[in-house]
Structure formats: structure tokens, C-alpha cells
Amino acid sequence: PLQAELTDQVALSEIAGEYEPAVFSIHALNALIGVSASASNLVFNANTINAENIDIRTVRAMPRRVPLVAQYVISPTLLEKRASVDIAQDTTQQYWVTVFVPPGTPVGTYTGTLTVSSQGNPDHQMDLTLEVLDIPLQPQGTLHGMYYMPRDLATGGAPTLPAARLNADMINMREHGMQTIFISWPPTSTSQMIGQNLVFDVSSQNDVRDACLTAGFEAVIFNTTIDE
């Protein structure tokens, strides 16, 4: 950025019930150790948006393969929830701030602060301004969802995620405007022949089903896997 573009204010606007991101960056003139960022509550008159609705993550750039070419490029890849980071001299660290405005939040301009701390240096504060707009969200009229795999792929056998994790993931997607979900590779169901009938036991999918219902997904697509 040009010198004239540098600012100590992060400002954004959104509607009640929405998530909205903003970014800021720290350029280290000297090496910085143990850098952390936190947010205060946002206040407008007697109304408050608690800091727990503000999520701050660091952006990690990683080598990414260029398709069909034996080359790599460094590009932003991960948003990491880290307690602190070290920033080398003459290096820029980007931060991603997501603010959720709870439904029913009164319209107005809310103000607070973002505080950046590091070892051996005084805290640095930036103004955080949020304008809650008087615009109602309209029904979408169509279903929006995404593929979701309810398994822990980092564990041998890829077991089903715990019920608490399933519920948290489903509610998170619902809050972000999705009304459906495509369950890719759900827990395996078993089958057996009883007389002339092939009977399926899908009780292994109960936790996934319950998580969908808890989040309010009424139309769900299951890519069901049956044992062989």
C-alpha cells in the first residue's frame, strides 16, 4: 500500500444474521515475537455485539502446484486460529477478521478496537467500526448446500466424527445461509437377507441424521454406502 493508504481503522458493514470478513496486515520493520490480535466488544448506545462473535485468524501462504506445469507458486492457503505468531523482519502477516452480527441486532454504527500485542513492545490499537444496515434478508427460493464428509480422514479407518463435531459443523453451515447438505461417504450401512427381502440397517447414520435435523436441514442428499 501507499503511505497515504495506511490506516488504523478497520471498517465493515453487514446485515443482522450475516457473517462478513475484513482484513488487516502487519508489516514488521523489525522482527516481532509472539504477535497476537484480539477484539473488544462492539458498542452502539446501549447495544453490544460481544467479542465472541469476532473471529481473528492468521493467513498462511504455502507453495501450491501450478496445474500441468512443474512449478510452484506461493499463495494464501489457510486461515489459522493461532494464539500468536512470529513475524520476521521486512515480512508482512495478513489477518482475517470475521464478524457475525446476531439476528435481531439493532441497526446502527458499532465501535470497538482491535489490539495487536507482541513481546517487548507496547500494544497497538486500531479502531474497529461496524455499520449494521437496515436491510432484511430475503428468502433465496432455491436450495444451497455443499458436499460434506462426516469422517475423520486423519485416523485409520476414517471413523465417523463425534456427534458434537457433526452438530457444530451443520449449525455453522446453516448459519452461513445453507439450507441443504450433500452427505458424501456417510457411515457405512449393513445389509442382510431375511427370507426374500434385503434388509438394510442404517442406524450407523443416526448421529449424522440428528445433526442435520438439529441444524434445520429438511432436504438432505445421502450418498449412502452399503457394505459388500
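The values are calculated or read from the model by the stated rules, or taken from the named source; none is laboratory data. Source: prediction; values computed, not measured. Cβ atoms come from the backbone with ideal geometry, glycine included; neighbour counts cover every protein chain shown. Heavy atoms of the whole protein, side chains included, go into the accessibility calculation; ligands, DNA and RNA do not. Shrake-Rupley method; radii C 1.70, N 1.55, O 1.52, S 1.80 Å.
Measuring with a 1.4 Å probe in the full set of protein chains, what accessible area per residue, in whole Å², belongs to segment 57-183?
63
Quick one: putting +1 on the C-beta of Lys and Arg, -1 on the C-beta of Asp and Glu, what dipole do you get for segment 1-72 around its Cα centre, in Debye to the nearest 20? Please list the in-between numbers first.
On the way: 4 positive and 7 negative charges, 107 e Å.
For this selection, approximately 520 debye.
Compute, for segment 108-228, the length of the dipole vector about the Cα centre, with Cβ point charges of +1 (Lys, Arg) and -1 (Asp, Glu) only. Units Debye, rounded to 20. Write out the running numbers ahead of the final one.
Values: 4 positive and 13 negative charges, 43 e Å.
That gives a dipole near 200 debye.
Sort PHE200, PHE222 by accessible area with a 1.4 Å probe, largest first.
Sorted descending by solvent-accessible area, the residues read PHE200, PHE222.
List every residue whose amide H lies under 5 Å from the amide H of TRP185, counting only residues 5 or more places away in sequence or on a different chain, with H placed 1.01 Å from N in the peptide plane.
Those qualifying (amide H under 5 Å, at least 5 residues apart or on another chain) are ASN223.
Determine the dipole magnitude for segment 1-122: charges of +1 sit on the beta-carbon of Lys and Arg, -1 on that of Asp and Glu, nothing else is charged, the reference point is the Cα centre, and the result goes in debye to the nearest 20.
It comes to approximately 420 debye.
If we count every other residue with Cβ under 11 angstrom of ALA28's Cβ, Lys/Arg +1 and Asp/Glu -1, where does the sum land?
For residues surrounding ALA28, the net value is -2.
Restricting to DSSP H runs of at least four residues, report the calculated mean residue ellipticity at 222 nm for the chain, -39500 (n - 2.57) per run over all residues, nearest 500 deg cm²/dmol.
It comes out at -3000 deg cm²/dmol, rounded to the nearest 500.
Could you please report the charge total around GLU218, scoring K, R as +1 and D, E as -1 over all other residues with beta-carbon less than 15 angstrom from its beta-carbon?
The answer is +1.
Report, to the nearest 10°, how far helix 206-215 tilts away from the longest principal axis of the Cα atoms in the chain, using its own Cα long axis and a range of 0 to 90°.
50
Can you work out ³J(HN,Hα) from phi for every residue in segment 98-107, in order, using Karplus 6.51 cos²θ - 1.76 cosθ + 1.60 and θ = phi - 60°, giving whole Hz and x for Gly and Pro?
Result, ordered by residue: 10, 10, 9, 9, x, x, x, 5, x, 5 Hz.
Kindly rank 166-174, 142-150 from highest to lowest mean number of other beta carbons found within 10 Å of each residue.
Highest to lowest by the protection proxy: 166-174, 142-150.
Once phi is turned into θ = phi - 60°, what whole-Hz ³J(HN,Hα) does the Karplus curve with 6.51, -1.76 and 1.60 give for every residue of segment 150-157, x standing for Gly and Pro?
Per residue, the Karplus-derived 3J(HN,Hα) values read x, 10, 8, 6, 7, 10, x, x Hz.
From the backbone phi of segment 119-128, what are the Karplus-calculated ³J(HN,Hα) couplings (6.51 cos²θ - 1.76 cosθ + 1.60, θ = phi - 60°) in whole Hz, Gly and Pro given as x?
With the stated coefficients, segment 119-128 comes to 5, x, 10, x, 4, 10, 10, 10, 6, 10 Hz.
Percent of alpha carbon pairs in the chain separated by more than 25 Å?
When all Cα pairs of the chain are counted, 59 percent exceed 25 Å.
To the nearest Å, what is the center-to-center distance of segment 123-165 and segment 174-228, using C-alpha atoms only?
One Cα centre to the other: 21 Å.
Carbon and sulfur: what percent of segment 32-123's accessible surface (1.4 Å probe)?
Reported share for carbon and sulfur atoms: 52 percent.
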